[in-house]
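The values are calculated or read from the model by the stated rules, or taken from the named source; none is laboratory data. Bear in mind that the values here come from a model prediction, so they are computed numbers and not experimental data. Glycine also receives a Cβ, built like all others from the backbone with ideal geometry; neighbour counts cover every protein chain displayed.
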Amino acid sequence: MNNLTEILNIKYPILQGGMGNISNAPLTAAVSEAGALGTIGVGTMTVEEVENMIIETKNRTAKPYAVNIPIVITPHLQEMVRLVVKHKVPAVSLSAGNPTPLIPYFHEHGVKVICVTASKKQAKKAEEAGADIIVGEGYEAAGINSNLETTTLALIPQLVDTVSIPVVAAGGIGDGRGLASMLALGASGVQMGTRLIATQEAPFHDNYKTALLDAKDDSTVIVGRSVGKVRRVMKTPYSGKLLQKEKEGVPGEEFGQLTSEDYHRIGALEGKLDQGFINGGQISGLVSDIPTVKELLEKMMGEAESIFARLSKSSVK
């Protein structure tokens, strides 16, 4: 165990990223059952939808899990905060906004706080506010991304040098090699989203999983840069339409509507890739199979351990 696994009471130093409105209890519970930290992302969902998901997750697993609250995105911030406490959720992940006012309340009720950051400044502020864990998310990550566009490789060692609490690396990790490399950089663990989409328990449309299986190293694209709403998605007919809209000078408000969670659900859950988008990180090209979550995590841990064992032998020579 390391500090991260001790704080969260999990077996593996792996966290599931919040998936917004396509979050679901089956995948969250499967990740937790396999020994990592499953996460429910509240996105823009209603309080009732999220509460039902929390209840279903608790019915599926007795192991720790988290709820991700995107502070400036959810229209029900205070209700979501109270929901986490009401159901005694072990950990909360705070992203997309200033977590400082919320941290004391969560700590009052015994909730561990994870703060998602994209810079040294954000990470230091989160630590000073009392965060238990920092997630450093790089430019390689899927979905809504930082306008800073710093890569995970460059970001993580800087965060490790800046804060004294555990740092989790997010963006560009999809196998044991990625896990080992982030641990070597000083991270205490990793957070994954895209790779968990292509698992047997993930209840997403086959078209989404097939897109990942067919992905190459250049199968993702950044949209929204022209309007300050950076998002990494898979190359699909719909993302092509979004890029064309940007060329035509689409207003930010209209672009925001076209990339709302409604269109994410259309792509991810209904499989209509010409009518909705699907998020995808730069590790999409690494996806070559659809294992169970347990098989995926065990393989990752085995790969990482083998890498460190091999490097240890090499250093002796």
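In the range 3-36, how many are in a helix (DSSP H, G or I), at pLDDT below 95 and of a type in the set (A, V, I, L, M)?
1
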Review point. Looking at (1) charged (D, E, K, R); (2) closer than 28 Å to Asp175 by Cα; (3) in contact with a strand residue (DSSP E or B) (Cβ under 9 Å, 6 or more places away or on another chain), which is the one condition that is false for Glu246?
Key: (2)
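Yes/no per residue for (1) in contact with an Asp or Glu (Cβ under 9 Å, 6 or more places away or on another chain); (2) part of a loop (DSSP other than H, G, I, E, B); (3) modelled with pLDDT of 95 or more; (4) acidic (Asp, Glu):
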{"site": "Ile173", "(1), (2), (3), (4)": "yes, yes, yes, no"}
{"site": "Leu183", "(1), (2), (3), (4)": "no, no, yes, no"}
{"site": "Ala187", "(1), (2), (3), (4)": "no, yes, yes, no"}
{"site": "Leu196", "(1), (2), (3), (4)": "no, no, yes, no"}
{"site": "Asp218", "(1), (2), (3), (4)": "no, yes, yes, yes"}
Exercise for review: Kindly list, by first and then second residue, each pair from a residue in the range 161-174 that is without any contact (Cβ under 8 Å) to a residue 60 or more places away in the chain and within 16 Å of Thr5 (Cα to Cα) to a residue that is of a type in the set (Ser, Thr, Tyr) and not in a loop (DSSP other than H, G, I, E, B), limited to pairs with Cβ atoms under 8 Å and residues at least 6 apart or on different chains.
Suggested key: Ala169/Thr152
Practice item. Could you grab the pairs with beta carbons closer than 8 Å, sequence gap of 6+ or different chains, first residue in the range 130-148 and free of Cβ contacts under 8 Å to residues at least 40 places away in the same chain and within 11 Å of Val116 (Cα to Cα), second one of a type in the set (Val, Ile, Thr) and in a strand (DSSP E or B)? Key: Ala131/Val113; Ala131/Ile114; Ile134/Ile114; Ile134/Thr117; Ile134/Val167; Ile134/Val168
Check your understanding: Under the condition of being in contact with a Gly (Cβ under 6 Å, 6 or more places away or on another chain) and assigned to a helix (DSSP H, G or I), which residue from the range 256-296 is modelled with the lowest pLDDT?
Key -> Glu261
Practice item. Hey, could you check the range 260-317 for residues that are farther than 26 Å from Glu33 by Cα and aromatic (Phe, Trp, Tyr) and say which is surrounded by the most Cβ atoms within 10 Å (Cβ to Cβ)? Key: Phe277
